[in-house]
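The values are calculated or read from the model by the stated rules, or taken from the named source; none is laboratory data. Computed from a predicted structure; not experimentally measured. Cβ sites come from the backbone with ideal geometry, for glycine too, and all protein chains shown count toward neighbours. To get the accessible areas, we keep the full protein, side chains included, count just its heavy atoms, and leave off ligands, DNA and RNA. Shrake-Rupley method; radii C 1.70, N 1.55, O 1.52, S 1.80 Å.
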Amino acid sequence: MSLQTVVLPGRRGIPPRVNTFTARFWTALEEGRLESTRCRACAHLGFPPRRICIACGAQDPEWVELSGAGVLYSSTVIHAGPSLYWAGGPYTVGIIDLAEGPRLVTRVLGSLPPPIGSRMQIVVTRHDDGCLFAAIPAAAP
Ligand SMILES: [Zn+2]
């Protein structure tokens, strides 16, 4: 599955710190996939990807691809944000419950926040210096 890409001119406010473990996540995102880790010991699936399971402490994760589909649990509009994020503000930050279970916090693209409970889709945002991700309202089925 390949996530939709949205081009956002300019550099990322805070580029991610990529290490040998998270490199797989960022490479997958560049290729249009949202991935995270599931614990082989207890099957806990979380986000962001983790080397150590937060449910049981095991250190045996496997990488899994997520659909990026989810539901908006909550959101807020940031009217006075840090200058690193301010280009194009105000902006919306939402909590998304992904279809596979994990909950994540991300920017919600668009001029108005969608209603709570809206179906959402994670997209890849392509910036001058690399990728991040965000959410948009899902297209009607
Ligand atoms: Zn576990």
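Considering only 54, 39, 7, and ranking their Cα positions along the charge dipole of segment 5-137 that arises from unit charges at the beta-carbon of Lys, Arg, Asp and Glu, the one farthest toward the positive end is 54. Positive contributions from Lys and Arg (+1) and negative ones from Asp and Glu (-1), summed over other residues with Cβ under 12 Å from the Cβ of residue 7, come out at 0.
For segment 1-40, the dipole from Cβ point charges (+1 on Lys and Arg, -1 on Asp and Glu) about the Cα centre works out to 180 debye, to the nearest 20. One Cα centroid belongs to segment 3-42, the other to segment 111-136; the line between them spans 14 Å.
Computed from the C-alpha gyration tensor, the three semi-axes of the ellipsoid equivalent to the chain are 25, 18, 14 Å, from longest to shortest. Note on residue 116/residue 43: beta-carbon distance plugged into 1/(1 + (r/R0)^6) with R0 of 25 Å gives a FRET efficiency of 0.30. The dipole here belongs to the chain: it is taken about the Cα centre, uses +1 on the Cβ of Lys and Arg and -1 on the Cβ of Asp and Glu, and is about 220 debye.
Packing order of peptides 3-12, 95-104, highest average first: 95-104, 3-12 (average count of other Cβ atoms within 10 Å over each peptide's residues). Under the simplified labelling scheme, the residue 69-residue 99 pair shows an inter-label distance of 0.2 nm, with each label point 7 Å from Cα along Cα→Cβ.
Residues in the chain average 56 Å² of solvent-accessible surface per residue, probe 1.4 Å, ligands and nucleic acids excluded.
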